[in-house]
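**Q** Take a look at this one; I'll ask things after.
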Amino acid sequence: MAAMALITSSLISCPNPNIHQLKPNLLPRSLKQSLSLRKPERKQLVSRICCSTANKPDFSSTAKIRSEVLSPFRSVRMFFYLAFAASATLGGLIAFTQLIGALSNPSRAVGVLDILKGLGIDLAAVLLFAFLYTRENSAKNAQLEKLSREESLSNLRLRVDEKKVIPVSALRGVARLVILVGPSSFLVESFRRSKPFTEALLDRAVLVVPFATDGDKPDFEFEEDDEPRNKRLWQLTPVYTSEWARWIEEQKKLANVPIDSPVYLSLRMDGRVRGSGVGYPPWNAFVAQLPPMKGMWSGILDGMDGRVL
């Protein structure tokens with residue numbers, strides 16, 4: 001047992017295990033053959049064995065908890081799918097042994113049809129529950145990937161003013177962010193198109209996050225008679241732009257959108273993505289779809305920001 005533990009600990013450590021120190025008389029024949037390989041080949045073999053699981057997605061505990069909250073009965077369903085599939089598999093094995101006995105004994109040949117019927121039902125049940133489990137597991141992984149991307153977005157930083165920098169997550173329950181990505185000319189034109197809806201957007205707690213992909217700082221020209229409140233719509237600025245650029249590039253690749261295309265993303269009050277598109281954001285649609293944060297509709301329609309994409 002001590003020898004096997006030594007072998008296992010030596011193989012599991014990915015960074016260049018010192019295999020030469022193992023005693024040859026303690027090793028099985030297959031492992032001796034592996035050790036007889038040349039050093040480059042041995043390194044490649046060990047790294048392939050040890051690091052085969054490195055590409056598996058590693059979801060954070062926060063994403064897993066949020067997934068459980070959003071789909072509380074998924075784990076129960078997956079458990080029962082596995083249990084029913086295991087039960088059907090066991091029944092199929094029993095039916096298969098009975099079928100072999102019936103075929104080898106002519107006196108029991110009368111019951112072959114019933115055995116085949118039961119075996120077919122068991123096989124169909126195994127396939128059905130395996131399909132249901134696979135579909136549920138795929139949906140779970142897709143949801144976890146989406147939540148992980150949203151968690152990465154929530155960790156990105158924004159500058160509110162010269163002295164205050166906050167993460168995106170700090171605005172959950174406070175504001176509905178609209179992220180604009182494109183060259184400075186696209187951002188300036190989006191700013192111009194938003195002017196007629198400034199008051200209505202602010203009443204709906206909409207804040208814009210402009211991200212210039214060409215490195216130029218957009219020049220938003222506010223009029224002299226604009227109130228300070230109206231400037232709040234465009235006061236947020238992304239910080240650590242390399243992290244923002246990496247996250248945006250990943251989203252474009254997932255959506256099969258060209259990297260240089262100007263896009264917008266609309267977030268719900270809870271920080272989840274409610275809408276996105278290529279081109280200029282539909283400010284009038286935001287005003288029509290989002291409920292105001294004040295007045296008779298406040299409280300009743302909180303969180304009614306549309307379905308999550």
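**Q** Between VAL76 and LYS253, what is the label-point separation in nm under the 7 Å Cα-to-beta-carbon projection?
**A** Modelled inter-label distance: 3.9 nm.
**Q** May I pose another question? Please arrange GLU162, GLU221, GLU145 by how many other C-beta atoms lie within 10 Å of their C-beta, fewest to most. Write out the running numbers ahead of the final one.
**A** Values: GLU162 6, GLU221 9, GLU145 14.
With the sparsest Cβ surroundings first, the list reads GLU162, GLU221, GLU145.
**Q** While we're here: Points 7 angstrom from Cα along the Cβ direction at ASP161 and SER61: gap in nanometres?
**A** 3.7 nm
**Q** Of LYS146/LYS217; LYS163/LYS253; LYS163/LYS294; LYS146/LYS253; LYS195/LYS217; LYS64/LYS164, which pairs sit farther than 24 Å apart, going by alpha carbon to alpha carbon?
**A** Details: LYS146/LYS217 31 Å; LYS163/LYS253 34 Å; LYS163/LYS294 29 Å; LYS146/LYS253 14 Å; LYS195/LYS217 19 Å; LYS64/LYS164 31 Å.
Among LYS146/LYS217; LYS163/LYS253; LYS163/LYS294; LYS146/LYS253; LYS195/LYS217; LYS64/LYS164, the Cα-Cα distance tops 24 Å for LYS146/LYS217; LYS163/LYS253; LYS163/LYS294; LYS64/LYS164.
**Q** At 10 °C and a viscosity of 1.306 mPa s, what translational diffusion coefficient does Stokes-Einstein give for segment 61-148, taking Rh as the Kirkwood radius over Cα pairs? Give it in µm²/s as a whole number.
**A** Details: Rh = 15.1 Å.
After rounding, the answer is 105 µm²/s.
**Q** For ARG149, ARG274, what ranking results if the residue with the fewest other Cβ atoms within 10 Å of its Cβ goes first? Write out the running numbers ahead of the final one.
**A** Values: ARG149 16, ARG274 19.
Listing ARG149, ARG274 from fewest to most nearby Cβ atoms yields ARG149, ARG274.
**Q** Please compute the modelled spin-label separation between THR89 and GLN235, points set 7 Å along Cα→Cβ, answer in nm with one decimal.
**A** 6.0 nm
**Q** Can you put MET78, MET269, MET293 in order of Cβ neighbours within 10 angstrom, beginning with the fewest? Spell out each step's value before the answer.
**A** Numbers: MET78 15, MET269 22, MET293 19.
In increasing order of surrounding Cβ atoms, one gets MET78, MET293, MET269.
**Q** Which value, in Å³ per residue, describes the convex hull spanned by the Cα atoms of segment 158-289?
**A** Numbers: hull volume 14.5 nm³, N = 132.
Value for segment 158-289: 110 Å³ per residue.
Throughout, read-outs are computed from the coordinates displayed, never taken from laboratory work. Bear in mind that the values here come from a model prediction, so they are computed numbers and not experimental data. Cβ sites come from the backbone with ideal geometry, for glycine too, and all protein chains shown count toward neighbours.
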